[in-house]
1. Does the range A:43-57 contain any residue that is touching a helix residue (DSSP H, G or I) at 6+ places or on another chain (Cβ under 7 Å), within 14 Å of another protein chain (Cβ to nearest Cβ), at positive phi and modelled with pLDDT of 95 or more?
2. Please specify each residue of the range B:93-129 satisfying the condition of being within 26 Å of the chain's Cα centre (by Cα), of a type in the set (Lys, Arg) and more than 29 Å from B:ALA196 (Cβ to Cβ).
3. Considering only the range B:10-25, how many residues are free of Cβ contacts under 8 Å to residues at least 40 places away in the same chain and crowded, with 19+ Cβ neighbours inside 10 Å?
4. State which residue is surrounded by the fewest Cβ atoms within 10 Å (Cβ to Cβ) when the search covers only the range B:301-313 and only residues that are aliphatic (A, V, I, L, M) and more than 11 Å from chain A (Cβ to nearest Cβ).
5. Please find, within the range A:147-187, the residue that is nearest to the other protein chains (Cβ to nearest Cβ) out of those that are surrounded by fewer than 18 Cβ atoms within 10 Å (Cβ to Cβ) and charged (D, E, K, R).
6. Listed residues A:ALA29, A:ALA105; which is away from chain B (no Cβ under 14 Å), of a type in the set (A, V, I, L, M) and in contact with a strand residue (DSSP E or B) (Cβ under 7 Å, 6 or more places away or on another chain)?
7. With the structure loaded, tell me whether B:VAL335 is assigned to a helix (DSSP H, G or I) and either away from chain A (no Cβ under 11 Å) or within 20 Å of B:TYR232 (Cβ to Cβ) (or both) or whether it fails that test.
8. Please count how many residues of the range B:1-18 are touching a helix residue (DSSP H, G or I) at 6+ places or on another chain (Cβ under 8 Å) and either away from chain A (no Cβ under 14 Å) or farther than 26 Å from A:THR64 by Cα (or both).
2 protein chains.
Amino acid sequence: MQIHELETPTPVVDLDVLDRNLDRMARYAADHGIGLRPHIKTHKSPRVAREQLARGAVGLTCATTHEAEVMADLTDDVLVAYPPVGDARLRRLMGLPARVNLMVALDSAEAIEGLAAAAKEAGRPVRVLIECDLGMHRVGVTSIEEAIRLARLVTERPPLVFAGVNFYPGHIRSGEADRKAPLAQLGQDVRTWLAAFDKAGLKPGIVSGGSTPTAFESHQLPGVTEIRPGTYVYNDREIVSTGAAAREDCAFTILATVVSTAVPGQAVVDAGCKALGREPLRVGAGSGFGELVDHPEVVVKGMSEEHGILDLTSSTWKPKVGDRVRIIPNHVCIVTHLNDFIHGVRGDRVETIWPVAARGRAAKV
Amino acid sequence: MQIHELETPTPVVDLDVLDRNLDRMARYAADHGIGLRPHIKTHKSPRVAREQLARGAVGLTCATTHEAEVMADLTDDVLVAYPPVGDARLRRLMGLPARVNLMVALDSAEAIEGLAAAAKEAGRPVRVLIECDLGMHRVGVTSIEEAIRLARLVTERPPLVFAGVNFYPGHIRSGEADRKAPLAQLGQDVRTWLAAFDKAGLKPGIVSGGSTPTAFESHQLPGVTEIRPGTYVYNDREIVSTGAAAREDCAFTILATVVSTAVPGQAVVDAGCKALGREPLRVGAGSGFGELVDHPEVVVKGMSEEHGILDLTSSTWKPKVGDRVRIIPNHVCIVTHLNDFIHGVRGDRVETIWPVAARGRAAKV
């Protein structure tokens, strides 16, 4: 099958670029002796996870219980990097196959107590990472004392096992030059926190950091044993804007069709926010909700649910109804979640198709 | 089952409110002798579509081919209000059961020629609406002459049948007082366009307008025979901001759990943009990506993929890890598309669950 035969809108992944992205991160981690535990939120696909494991990933990182359930078929080492709060969530986590060596990240005593009760009832050891806020200000304890208090609480709640700490440097998304100072600060903070844990007699076995924008600088952070990048498999406009990937490293595009040119100065494609998401770029990183592979000067300037409005004012391109375009999304992880199948292509040939099996919640009554 | 037993994040629909919303629109249409052909993009669910048909809907409106395939099991009268461009799309449309009296909306000669060829090959009559741009500037022909030229082209391409015209007043979203003038202008434009069609000997049998914000004013527009509102079944913050529904008419919420309170001044819930979407409100209509049913002063101020950040700075509420909240989304149609199942509740009792069967594209190789 050729790419022009595909119904649109549909996600298309360039398999050569995907392979290259997978190789590059695996090699970086191996070269620096850092464990790679990729976050599968970006692809939600066993097909891609298998490739990551085949290249030496030490395990997989998930956010949702459904992701963990799907990925448990591929690895025995699963980190759920999300606070395990709520009876239903705990029940599902405890229901993972017994062979799975589960690890979770959390930041509260409430989460520890709930998990401890569930783990005890299930007779299941669970490794715990204490999530530390080192600047992202999303989740994570904000003081060293509180982090140590929680780590100690974990040690007092068998079958929980204190495994280490994790942090997410998602606030560092600036270009390579501008992130030198925040990275240096982060390195200093990590050193301080780890020293405090050591002093408390709670040396973290695992120090888990990393995200795609800073992944290739992880070796500059003292003590980091693992990284959890996700987006690197596909990349997107946001990652390109951070300098962590080049435009030609974007493996994932939405194939779309021009369906209307009736209104002057624009063309309408069949990829709206239900196909492409409505994720903004950071201020200064560019405009629009996606850009055309073949016409980088053309961005998706606006969207309805099933309509994407291409801004033609900076282009000499004159699209016709029926023309096809490939769009690089701003934030690919969101786009994956909107779609059920991915077409893998080499050149113009559609080589394979795979399900986004960990999409959704699989939550029924 | 009680609502507190549900795993989060999950969509919850208040069945009493849903019934009331369905009744209200059906009654309005009946009272004014206007055909109601609801757009099912909002719910994508046979369960809700059946209720709309039972209340007298003349047919259903869809955007995607998959929506049309799913809804064809419930009605013989389907409008695909989307340009039928591309071989794969046409093939699927022509594959709808023969009993379905298909109608499509389009705005180009290219779309007409493609559809005519496919319809001829399939031996299938297809009714065509010419989409007119009356101010939305998304799709739709912008000149009366072009609209008439396309209508005439349809009459020359059997088995296509010229059925009428449609427009989408989606640009009129201001509050009730502020939309008097644009509505009056729209009424005048509709009158002018219809007169020109009449004069050309192409009297439109169907004049299809309407969207939820202006639906209850459709009788003020001359000649409108049908309306296609979608969002009215659930409503959302955006609709409330237009005055077309009250806050208590919002039937659809996302049930979420507080998973972290570690960072001061905020709480984190497990509904991020993969559960709640990242649709902005119009400027002036409010801030954030959703608001809490029980704490209207608290909005979701920021989101990651699986994290929603509640802004607590204007509230005296002190959430604890494990607390549950219900969030009214900004734009519910997007949220439906993110989820696979809907829980229907009355009070605290979970009465039913239904699949979002027309979600996604169902597109395979």
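The values are calculated or read from the model by the stated rules, or taken from the named source; none is laboratory data. Just so we're clear, the structure is a prediction, and the values are computed from it rather than from any experiment. Glycine gets a Cβ as well: all are built from the backbone with ideal geometry, and neighbour counts include every protein chain shown.
1. Yes: the range A:43-57 contains one or more residues that are touching a helix residue (DSSP H, G or I) at 6+ places or on another chain (Cβ under 7 Å), within 14 Å of another protein chain (Cβ to nearest Cβ), at positive phi and modelled with pLDDT of 95 or more.
2. B:ARG99
3. Within the range B:10-25, the subset free of Cβ contacts under 8 Å to residues at least 40 places away in the same chain is B:19, B:23.
Still in the running and crowded, with 19+ Cβ neighbours inside 10 Å: none.
Residues flagged as free of Cβ contacts under 8 Å to residues at least 40 places away in the same chain and crowded, with 19+ Cβ neighbours inside 10 Å within the range B:10-25 amount to 0.
4. From the range B:301-313, those aliphatic (A, V, I, L, M) are B:303, B:309-310, B:312; that's our starting set.
With more than 11 Å from chain A (Cβ to nearest Cβ) added as a condition, the list becomes B:310, B:312.
Details: B:LEU310: 29, B:LEU312: 19.
Restricting to residues being aliphatic (A, V, I, L, M) and more than 11 Å from chain A (Cβ to nearest Cβ), the top hit is B:LEU312.
5. My answer is A:ARG149.
6. Numbers: A:ALA105 fails: away from chain B (no Cβ under 14 Å).
Going through A:ALA29, A:ALA105 in turn, just one is away from chain B (no Cβ under 14 Å), of a type in the set (A, V, I, L, M) and in contact with a strand residue (DSSP E or B) (Cβ under 7 Å, 6 or more places away or on another chain): A:ALA29.
7. Working: assigned to a helix (DSSP H, G or I): yes; either away from chain A (no Cβ under 11 Å) or within 20 Å of B:TYR232 (Cβ to Cβ) (or both): yes.
Answer is yes for this residue.
8. 2
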